[in-house]
1. Might you let me know whether segment 11-22 holds any residue that is over 24 Å from residue 238 (Cβ atoms), of a type outside the set (S, T, N, Q) and not assigned by TED's automatic domain parsing to the domain that holds residue 240?
2. Can you pull out the residues in segment 85-114 that are in a strand (DSSP E or B) and within 17 Å of the chain's Cα centre (by Cα)?
3. For segment 100-149, which positions are of a type in the set (S, T, N, Q) and within 29 Å of residue 266 (Cβ to Cβ)?
4. Given the criterion in a loop (DSSP other than H, G, I, E, B) and touching a strand residue (DSSP E or B) at 6+ places or on another chain (Cβ under 6 Å), identify the matching residue among 57, 78, 148.
5. Could you please let me know if residue 257 is touching a residue at least 12 places away in the same chain (Cβ under 8 Å) and surrounded by fewer than 23 Cβ atoms within 10 Å (Cβ to Cβ)?
6. Condition check: surrounded by 21 or more Cβ atoms within 10 Å (Cβ to Cβ) and under 17 Å from the mean Cα position of the chain (by Cα). Does residue 246 satisfy that?
7. Looking only at segment 44-56, which residues are more than 20 Å from residue 81 (Cβ to Cβ) and either at pLDDT 95 or above or touching a helix residue (DSSP H, G or I) at 6+ places or on another chain (Cβ under 7 Å) (or both)?
8. Condition check: buried (at least 20 other Cβ atoms within 10 Å of the Cβ), touching a strand residue (DSSP E or B) at 6+ places or on another chain (Cβ under 6 Å), under 23 Å from residue 183 (Cβ atoms) and acidic (Asp, Glu). Does residue 97 satisfy that?
Amino acid sequence: MPKLKVLVAGSTGYIGVQLVKLLSKHPNVFIKYLCGKSSIGKKIYHYDNLLKSSKLPTIKRFNKSFLKDVDLVFTALPNGEAQQISKYLLKKNVLIDLAADFRLTNSKSYFKYYKKKHKAILNIKKSIYSLPELLESNLKDYQIIACPGCYPTSILLPLIPLVKKDLIDLKNIIIDSKSGYSGAGRSIHKKFKNNNLYESLSVYGVKSHRHNSEIEQELSNITNKKFYFSFTPHLTPMFRGILSTIYIDTKKNISIDKLLNELKKKYKNKKFVKILKKNKLISTNDVINTNNCYISICETKYKNKYIILSAIDNLIKGGAGQAVQNMNIKYDFFENKGLK
């Protein structure tokens with residue numbers, strides 16, 4: 001088949017550059033346009049020298065006229081900007097958004113968590129939240145695909161199957177997540193200009209982190225029971241990677257083997273989710289530069305209390321890789337194409 005003609009808006013951010021690197025090697029993709037704002041007129045290799053050998057277009061300012069020349073638009077932009085682009089979409093265009101513009105199915109929730117009105121409410125119905133391994137709908141039915149946030153990806157992959165099977169107590173799920181600073185975008189260097197970003201660990205977003213909304217939404221979709229979770233994100237002095245530590249209580253007589261078997265059964269045929277043996281300690285180093293999610297469950301000194309460990313690369317499985325994975329599913333390519 002002819003190659004997909006692609007436009008990448010927000011191509012010079014950390015995730016945008018990672019996305020361009022993956023797409024430039026994908027055998028079914030032709031990158032027609034790279035778009036940015038402060039980088040207009042530059043070549044993308046200024047942001048990653050590994051792209052110097054790739055024949056890629058010069059960065060331009062987005063213009064809606066470009067949409068007639070492309071099949072697929074990726075948006076790795078600040079929250080709110082993909083909504084505006086979605087209004088210009090032609091019937092032939094598909095939009096895959098790596099920000100939060102279409103992750104929430106309720107515009108009131110979007111306003112609550114993002115403190116701005118949704119600019120394309122009518123397009124929410126044309127969109128789907130797609131965490132590929134948990135996807136139960138046909139992507140062909142949707143013009144807009146919302147890629148999950150990096151933290152929720154690491155959290156929902158282990159939690160959803162266990163909650164769905166009613167194996168854990170929903171009264172007190174505690175989630176402690178640590179991310180590399182690339183998850184905060186290039187602007188993080190300005191915020192930490194007078195502080196030591198590279199040798200400090202910091203907590204942020206206690207109670208109010210925006211990814212609470214995704215976790216809440218997706219858990220609500222699978223259970224009618226009341227649930228309570230605490231999510232605390234941390235910024236670490238490493239460039240990339242996320243390690244989520246999830247503390248759970250199980251129903252009586254639910255063993256660690258039962259929990260693991262449920263996850264193994266769920267992800268048996270999934271190429272990117274690896275369920276490890278019990279009590280296996282994992283590291284972000286296990287998944288860096290891959291589209292994999294590694295999951296293990298560890299025993300504690302208390303009966304019916306367990307710790308789930310989940311590790312991803314926030315720029316790939318938590319961002320660009322997941323976007324490519326969704327593209328592959330949408331267009332009937334092998335799901336791991338361009339991601340091996």
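The values are calculated or read from the model by the stated rules, or taken from the named source; none is laboratory data. None of these values were measured; they are calculated from a predicted model. Please note: Cβ atoms are built from the backbone with ideal geometry, for glycine as well, and neighbour counts cover all protein chains shown.
1. no
2. Of all residues in segment 85-114, those in a strand (DSSP E or B) come to 94-97.
Passing the criteria: 95, 96, 97.
3. So in segment 100-149, the residues of a type in the set (S, T, N, Q) come out as 105-107, 109, 123, 127, 130, 137-138, 143.
Once the filter is applied, which keeps residues that are of a type in the set (S, T, N, Q) and within 29 Å of residue 266 (Cβ to Cβ), segment 100-149 yields 105, 106, 109, 127, 130, 137, 138, 143.
4. On the way: 78 fails: touching a strand residue (DSSP E or B) at 6+ places or on another chain (Cβ under 6 Å); 148 fails: touching a strand residue (DSSP E or B) at 6+ places or on another chain (Cβ under 6 Å).
So the residue among 57, 78, 148 that is in a loop (DSSP other than H, G, I, E, B) and touching a strand residue (DSSP E or B) at 6+ places or on another chain (Cβ under 6 Å) is 57.
5. Considered against the rule, which asks whether it is touching a residue at least 12 places away in the same chain (Cβ under 8 Å) and surrounded by fewer than 23 Cβ atoms within 10 Å (Cβ to Cβ), residue 257 comes out as yes.
6. Working: surrounded by 21 or more Cβ atoms within 10 Å (Cβ to Cβ): yes; under 17 Å from the mean Cα position of the chain (by Cα): no.
When the stated conditions are applied, residue 246 does not pass them.
7. If we filter segment 44-56 for residues that are more than 20 Å from residue 81 (Cβ to Cβ), which is where we start, we get 45-46, 48-56.
Listed by number, the residues that qualify are 45, 48, 50, 51, 52, 54, 56.
8. Working: buried (at least 20 other Cβ atoms within 10 Å of the Cβ): yes; touching a strand residue (DSSP E or B) at 6+ places or on another chain (Cβ under 6 Å): yes; under 23 Å from residue 183 (Cβ atoms): yes; acidic (Asp, Glu): yes.
Against the criterion (buried (at least 20 other Cβ atoms within 10 Å of the Cβ), touching a strand residue (DSSP E or B) at 6+ places or on another chain (Cβ under 6 Å), under 23 Å from residue 183 (Cβ atoms) and acidic (Asp, Glu)), residue 97 qualifies.
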